[in-house]
Every structure is written in structure tokens, then in C-alpha cells.
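Q: First the structure, which I've put down as C-alpha cells, then a few questions once you've had a look.
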Amino acid sequence: MLPLRRVPVTLGLLIAIGLAFLAEIAMGGATNQAVLYALGANVWPIHGEYWRLVASMFLHIGALHLLVNAWALYQLGGLFELWLGHWRTALVFFATGIAGSVASLVFTLRPSAGAGLSAGASGAIFGILGALIAFLFRRREHLTSQAKGLLSQLLFWAVLNVFFGFTVPGIDNAAHLGGCAAGLVLGAVFKDRRRFRRPAAPTPPPSAPPSASSSSG
């Protein structure tokens, strides 16, 4: 188990996501589109309400969606924060989450796509995943065997989740791919913070659960 006291940014993000979910419940339900819209779900057209690009990252469409993303954030965000530090974790989460929200707005929520709204932290989670992959891949010749095994696992789960995103209805694959692409760029330019010391392999994020009338990210 990752020590939460050593990953305060990840812990703070998890708390914020949990509080947002409680607000959804208090206002009428986490699958209620009116509630999600009021709290900041991503929608087309956005009508200048660009705050939705950030707010939507903390909202989730149902309890399963929340639990899947919270577990993935705990695993990947915690590992990233231990390796690369607090401010980089915050930077990657918000920068890649916004990139995922923009990609969702352009490719998922446009009128021809038919989705009503989009919400979820998985664009940012895929961003953390992409940043870890790029960071490790650049240093693959100097990694321990365990770190190389972790890199292989991350690549496998990234490909698997993208496949699910294209085949399972209701998953906002544009948010996933947009966040992951931004994460790959950031991870490629980050410098080492400290030497790797046999990191424990996290459980990478499974695909987000589908939603019948909206897109979950």
C-alpha cells in the first residue's frame, strides 16, 4: 500500500473527488444529468464556461465510475508523486486533465457524436500513465529489471484501455487519448528527481464503466 502521508497531492485530489461526489449525491444523484451539468460537467457548446474543463475532472457518473478512477489515481498518482515529486504531480494532473477535457469537447461532445455531457478524472489519470511511460522509456537502458517490468505493464494497460475505449459504448476515449498524449510530452521532458529503487508495480487503471446517455472519462 502506498503511504498517503508521503503523497499529499494525490491524497488531496482523492479528497476533492470524494467531496464532489458527495455534492452530486446531495443535489439529486451522481447519474442525474441536470446535477452533473450544474456542477460543471463538460458540454457542447461550452458557451465560454471554460471552468467546466477543470470542474468536469472531479465529477463522476455513478459510484462504479468513481471507484475505478479513485483506485487508478491512488495507484498511479501515488507512484508518480513518490518518484517525481508533488508539484509535478499537480502539474501533470491538471495539464493533462484539461487536455483530455478539450479533446472530449472537440471529438466526443460535438453534435454529431451524440453524447450529452462528459465527466471524470480518467483524462488526467491517462495523462499520469502517459507521463510515467515516457519518463521510464527514455531511461529504459538504465532501469532495474523490476522497473522495466513496470514499463511493460503500463504499456500493456494503456493499449488495453484504449481498445476498450473504442469498443465499449459510453467511454470517452477522446479524453483518454488527449490526456495520455499530453502526459507523454510532459514525461519526456521531465528530468530525474532521484534514482529509482525497485518500485512496487501499481495496478493500472481498467477502462471506465460505460454510461447509457453520457460519456465518462
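The values are calculated or read from the model by the stated rules, or taken from the named source; none is laboratory data. Here the structure is a predicted model, which is why all the values come from computation and not from measurement. So basically every Cβ, Gly included, is an ideal-geometry build from the backbone, and we count neighbours across all protein chains shown.
Q: Quick check on H65: is it under 22 Å from G187 (Cα atoms) and touching a Pro at 6+ places or on another chain (Cβ under 8 Å)?
A: Taking the combined requirement at face value, the residue does not satisfy it.
Q: Exactly one condition in (1) outside any helix (DSSP H, G or I); (2) crowded, with 22+ Cβ neighbours inside 10 Å is false for F93; which is it?
A: (1)
Q: Contact list please: Cβ distance under 8 Å, first residue in the stretch 128-145 and more than 12 Å from A188 (Cα to Cα) and at pLDDT below 95, second residue aliphatic (A, V, I, L, M) and buried (at least 21 other Cβ atoms within 10 Å of the Cβ), pairs at least six apart or on different chains.
A: Sorted first by the residue in the stretch 128-145, then by its partner, the pairs are L143/L136.
Q: Would you confirm, using the coordinates I've provided, whether L59 is among the aliphatic types (A, V, I, L, M) and either farther than 23 Å from V168 by Cβ or surrounded by fewer than 23 Cβ atoms within 10 Å (Cβ to Cβ) (or both)?
A: It is false that L59 is among the aliphatic types (A, V, I, L, M) and either farther than 23 Å from V168 by Cβ or surrounded by fewer than 23 Cβ atoms within 10 Å (Cβ to Cβ) (or both).
Q: Another question, then. Given the condition crowded, with 17+ Cβ neighbours inside 10 Å, free of Cβ contacts under 8 Å to residues at least 60 places away in the same chain and touching a strand residue (DSSP E or B) at 6+ places or on another chain (Cβ under 8 Å), answer yes or no: does some residue in the stretch 98-110 qualify?
A: no
Q: Also: I'm told L136 meets every condition in (1) within 18 Å of I17 (Cα to Cα); (2) surrounded by fewer than 24 Cβ atoms within 10 Å (Cβ to Cβ) except one. Can you identify the failing condition by its number?
A: (1)
Q: Looking at G179, G187, G183, can you tell me which residue is buried (at least 16 other Cβ atoms within 10 Å of the Cβ) and out of contact with any Leu (no Cβ under 8 Å at 6 or more places or on another chain)?
A: Criteria check complete, one pass: G179.
Q: Hey, another quick one. Being modelled with pLDDT under 95 and over 17 Å from F94 (Cβ atoms) narrows it down to one residue among L4, L36; which is it? Outline the logic, then answer.
A: Working: L36 fails: modelled with pLDDT under 95.
Matching residue, one of L4, L36: L4.
Q: May I ask you to say which residue of L14, L36, L22, L53 is without any contact (Cβ under 8 Å) to a residue 40 or more places away in the chain, in a helix (DSSP H, G or I) and hydrophobic (A, V, I, L, M, F, W, C)?
A: Exactly one of L14, L36, L22, L53 is without any contact (Cβ under 8 Å) to a residue 40 or more places away in the chain, in a helix (DSSP H, G or I) and hydrophobic (A, V, I, L, M, F, W, C), namely L22.
Q: Inside the stretch 47-94, can you point out the residues that are over 21 Å from A23 (Cβ atoms) and among the aliphatic types (A, V, I, L, M)?
A: Scanning the stretch 47-94 gives A72, L76, L79, L82, L84, A90, L91, V92.
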